[in-house]
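The values are calculated or read from the model by the stated rules, or taken from the named source; none is laboratory data. Please read all numbers here as calculations on a predicted model, not as lab measurements. Note: ideal-geometry Cβ built from the backbone for every residue, glycine included; neighbour counts use all protein chains shown.
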Amino acid sequence: MRLRSVELELPQADVAARFLAGAWGLLEAGKRGNTAFLRGTGDHAYLISVGEAVTAGVASVTFSGSNEEIAAVAQRAKAAGVVHQPMQSFDEPGRSHGFLLQGPEGQAYRFIAETEPVARLPDNQNRPVQLTHAVINSTDREACVRFAEKVFGFKLSDRTGTMSFLRCNRQHHAVAYAKADLCSLNHVAFEMPNLEAVMLGIGRMRDNGVPLVWGPGRHGPGNNVFAYFVAPFGGVIEYTSEVNLVDDDYPVGKPEDWTWPPGRIDQWGLSLKDMARAEVAERQYKFRLLN
Ligand SMILES: [Fe+2]
């Protein structure tokens with residue numbers, strides 16, 4: 001199973017698509033009506049879609065897997081009495097089929113099998129490969145973790161004072177839940193080929209008038225390097241690389257395992273975080289409820 005994509009809706013989606021396919025480094029992957037799809041250099045048909053809407057929101061966070069893996073999630077969702085839509089085909093790049101379900105606080109998740117994966121492109125220092133994680137603000141972090149374990153079959157990797165990280169393959173986390181007073185998309189992380197590409201991305205964003213909101217730095221849990229930006233279309237987007245690969249015997253970290261010395265919020269001790277600006281952006285994309 002892998003994190004495949006996020007589906008956003010927002011005003012002036014065409015402007016967002018131009019930024020994502022321009023400075024951010026993605027590639028155009030087609031349109032359906034007023035929705036544009038953007039891909040990276042990896043084998044996913046797309047990583048992010050931007051559809052025109054009156055207000056900003058998240059239509060879904062999408063995970064992809066084999067037919068068997070998707071069917072197993074559907075089975076567990078049914079057994080747990082979770083609100084979900086029936087198996088269907090989605091008219092989108094990759095011609096996926098799967099289903100939507102609703103998390104404990106109304107989060108919309110899709111689980112799909114991709115029937116038309118695209119060929120990988122050569123790594124490019126200026127282009128993301130794929131998504132590595134989505135972080136979701138939640139008012140009841142423990143309920144979200146239990147749900148992801150029980151229904152999705154994900155495994156808890158680490159827990160800090162404010163975040164819980166879960167994985168669905170060997171990458172340390174594909175989703176994390178952050179303690180908050182509302183449910184929203186905290187940020188989406190795009191995997192770059194290496195640390196150099198993350199640093200080049202910081203410069204490219206600065207050239208384009210998009211300054212860092214946090215970074216560069218190296219996280220504790222997951223050990224990945226990071227650079228966070230407030231997207232011109234709102235919300236927080238991240239370039240990341242070098243996330244840890246873990247095995248089944250990875251010990252689940254506790255908050256006391258992940259504390260920083262005074263004045264530090266990452267391993268390098270270089271990064272300053274513009275908390276006020278980040279927090280506004282982390283609250284901008286709330287989830288659309290399923291009908
Ligand atoms: Fe992140």
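Residues in segment 66-92 that are among the aliphatic types (A, V, I, L, M), under 15 Å from Tyr109 (Cα atoms) and free of Cβ contacts under 8 Å to residues at least 24 places away in the same chain: 2 in all.
Candidates Val73, Val54: the one that is crowded, with 19+ Cβ neighbours inside 10 Å, assigned by TED's automatic domain parsing to the domain that holds Glu105 and farther than 20 Å from Arg127 by Cα is Val73.
Within segment 229-238, at least one residue is touching a Lys or Arg at 6+ places or on another chain (Cβ under 8 Å) and within 23 Å of Asn126 (Cβ to Cβ).
Condition check for Val145 on (1) farther than 20 Å from Leu185 by Cβ; (2) away from the ligand (no atom under 16 Å from the Cβ); (3) out of contact with any Cys (no Cβ under 9 Å at 6 or more places or on another chain): one failure, at (1). Being touching a Phe, Trp or Tyr at 6+ places or on another chain (Cβ under 7 Å), farther than 26 Å from Ser64 by Cα and not assigned by TED's automatic domain parsing to the domain that holds Ala59 is a property that holds for Met205. What number of residues in segment 20-40 are touching a Pro at 6+ places or on another chain (Cβ under 7 Å) and surrounded by fewer than 20 Cβ atoms within 10 Å (Cβ to Cβ)? Residues meeting the conditions: 1.
Summed over segment 176-204, the residues that are closer than 21 Å to Val6 by Cα and either among the hydroxyl-bearing types (Ser, Thr, Tyr) or within 16 Å of the ligand (Cβ to nearest atom) (or both) give a count of 16. Among the candidates Pro216, Pro211, Pro122, Pro193, which residue alone is surrounded by fewer than 24 Cβ atoms within 10 Å (Cβ to Cβ) and at pLDDT below 95? Criteria check complete, one pass: Pro211. Residue count for segment 205-224, restricted to those that are part of a helix (DSSP H, G or I) and either within 14 Å of the ligand (Cβ to nearest atom) or in contact (Cβ under 8 Å) with a residue 60 or more places away in the chain (or both): 2. Quick check: anything in segment 162-172 surrounded by fewer than 21 Cβ atoms within 10 Å (Cβ to Cβ) and more than 18 Å from the chain's Cα centre (by Cα)? No, because not a single residue in segment 162-172 is surrounded by fewer than 21 Cβ atoms within 10 Å (Cβ to Cβ) and more than 18 Å from the chain's Cα centre (by Cα). Selection of segment 238-282 for residues being out of contact with any Gly (no Cβ under 6 Å at 6 or more places or on another chain) and of a type in the set (Asp, Glu) yields Glu238, Glu242, Asp247, Asp248, Asp249, Glu256, Asp257, Asp274, Glu279, Glu282. Residues of segment 254-288 that are in a strand (DSSP E or B) and either over 19 Å from Arg218 (Cα atoms) or away from the ligand (no atom under 16 Å from the Cβ) (or both): Phe287 alone. For segment 225-253, residues that are among the hydroxyl-bearing types (Ser, Thr, Tyr), more than 12 Å from the ligand (Cβ to nearest atom) and closer than 28 Å to Val58 by Cα total 0.
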